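Trainee: Sharing a structure below in structure tokens format, with a few things to ask.
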Amino acid sequence: MKVLLNNRSLLESLRPFNDLGFVPTMGGIHKGHLSLINKSNKLCKKTIVSIFVNPKQFNNKKDLKSYPQNIKKDLNILKKSKKIDFVYLPKFNDIYENKNKSKIKLSKKDKILCAKFRKGHFEGVLDVMYKLTEIINPQKIFMGEKDFQQLYLVKKLLERKYKTKVIPCKTIRDKNGVALSSRNFLLNKYNLNVAANIYKKLVNIKRNIKNKNNILNFLISQKKELKNKYKIKIDYLELRNIKNLKPSKTTNNSRLFIAYYLNNVRLIDNV
Ligand code: AMP
């Protein structure tokens, strides 16, 4: 596993390879990331992982400051996996120097779910993903369904611009059903227990939706119930079609999306 600290060494090292799988991360490596890496390892000759906490996608300074970062630990885990050929650890200037200021604008129909509650977030994500794609030029990018809206937007917009294919990967959960996330490192046992209960409730709500005439009203009441029971703030609880993310009236091809706060940590999930 070769660690690449700047663009020059990256370009030199990657030049000979034309079947490259890329797993972009912000570090805080966990088994969710490793599942993406495994898939890349299976489908591509070489795998490159990046660790870059992209300040442009944080709409909240406190969130950026508290984001779990431990490069040494991450590198140890990645090395042990024996599945990675390159790790790219760019500095801010490697990504953003000499590049035109980003003009990314989301369309009105995309300003839903997290895009509605985290202003500028996906513009920052798309910006860094375009730049990483230009620098690395991978054949495939592996992204998790845990961040479904991110996967949806990056796949839709990046594949319009580049030849690279974006490959969706299933959400990896802990034994209690909690979706693995770097942000879980900021939660204590009690919070993780609440997250497990919320996951169970989501699965239950989705099962019960089938029998409801008015899904919107049902979701409003379920959101209220969750809010009161666990004393949490919920940004949204919505059923949407997975092909176009439009509000859905049936569970066919649909997922239930949630964003909520535990201990000031914003968590998202979909079932
Ligand atoms: P992050 O480091 O949180 O930006 O995540 C990097 C990539 O890993 C993204 O494509 C995420 O969707 C994916 N990812 C994060 N958590 C999980 C998980 N629990 N299961 C599968 N993929 C995940």
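Trainee: Within the range 124-161, work out how many residues are closer than 23 Å to N270 by Cα, touching a strand residue (DSSP E or B) at 6+ places or on another chain (Cβ under 8 Å) and away from the ligand (no atom under 13 Å from the Cβ).
Mentor: 0
Trainee: Select from the range 167-216 the residues that are hydroxyl-bearing (S, T, Y) and either near the ligand (Cβ under 10 Å from one of its atoms) or in contact (Cβ under 8 Å) with a residue 24 or more places away in the chain (or both) and list them in ascending order.
Mentor: Selection gives T171, S181, S182, Y199.
Trainee: Could I ask something else about it? Out of all the residues in the range 98-116, is one or more within 30 Å of P247 (Cα to Cα), within 15 Å of the ligand (Cβ to nearest atom) and within 17 Å of the chain's Cα centre (by Cα)?
Mentor: Looking through the range 98-116, at least one residue is within 30 Å of P247 (Cα to Cα), within 15 Å of the ligand (Cβ to nearest atom) and within 17 Å of the chain's Cα centre (by Cα).
Trainee: Considering only helices (runs of 4 or more DSSP H) fully contained in the range 82-163, which possess at least 3 residues that are surrounded by 18 or more Cβ atoms within 10 Å (Cβ to Cβ) and touching a residue at least 60 places away in the same chain (Cβ under 8 Å)?
Mentor: Result: 121-136, 148-161.
Trainee: For the range 20-62, which residues satisfy the criterion of being part of a helix (DSSP H, G or I) and more than 21 Å from K170 (Cβ to Cβ)?
Mentor: Result: P55, K56, Q57, K61, K62.
Rule-based calculations on the coordinates, nothing more; no lab input. Quick caveat, the model's predicted, so the values are computed rather than measured. So basically every Cβ, Gly included, is an ideal-geometry build from the backbone, and we count neighbours across all protein chains shown.
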